[in-house]
Amino acid sequence: MSQAKVDHNKQQRANRKKIVAKQKRQRLAAIICGWAIAIVIVGWAGYSIYRSYENSKPIETIYANLESIDNYLSSLNAAE
């Protein structure tokens with residue numbers, strides 16, 4: 001083994017706790033980001049499905065009897 005490898009291995013053993021802690025933080029950050037992305041995708045898909053369902057519903061039509069308004073307007077026109 002070369003001296004560089006020996007020095008590298010010695011440094012790895014000395015900093016093992018820091019290296020393992022850093023790997024755990026990176027793994028946790030990756031898991032959190034993955035879940036966040038999955039939640040966003042599921043939410044977007046749900047909203048899109050809901051919006052398309054609402055758009056496919058028939059529009060509710062309200063009918064009103066407007067004869068009284070027509071009579072009133074015709075009486076105003078006749079009075080002039």
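The values are calculated or read from the model by the stated rules, or taken from the named source; none is laboratory data. The model shown is predicted, which means the values in this text are computed figures rather than measured ones. Every residue, glycine among them, receives a Cβ derived from its backbone with ideal geometry; neighbour counts consider all protein chains shown. Quick note on the areas: whole protein, heavy atoms, side chains included, nothing else; ligands and nucleic acids left out. Shrake-Rupley method; radii C 1.70, N 1.55, O 1.52, S 1.80 Å.
Given their separation in residues at 0.36 nm each and the Cα-Cα distance between them, A4 and E67 gain 12.8 nm when the chain is fully extended.
The residues of the chain expose on average 99 square angstrom of accessible surface per residue, using a 1.4 Å probe on protein heavy atoms. Pairs of Lys residues in the chain are counted when their Cα atoms are under 29 angstrom apart and they lie 8 or more places apart or on different chains; the count is 7. Taken about its Cα centre, the chain carries a charge dipole of roughly 2320 debye when the Cβ of each Lys and Arg holds +1 and the Cβ of each Asp and Glu holds -1. Shown for the chain are the DSSP H helices of 20 Å or more along their axis, judged by Cα atoms, with a mean Kyte-Doolittle hydropathy of at least -1.0: 16-56. Computed over protein heavy atoms with a 1.4 Å probe, the carbon and sulfur contribution to the accessible area of the chain reaches 62%. Legend: translational diffusion of the range 1-44 by Stokes-Einstein, Rh = Kirkwood radius over C-alpha pairs, 25 °C, 0.890 mPa s; D = 189 µm²/s.
Calculation over all alpha carbon pairs of the chain in 10 angstrom steps from 0 returns a P(r) of 13, 14, 12, 12, 11, 10, 8, 6, 5, 5, 3, 0 percent.
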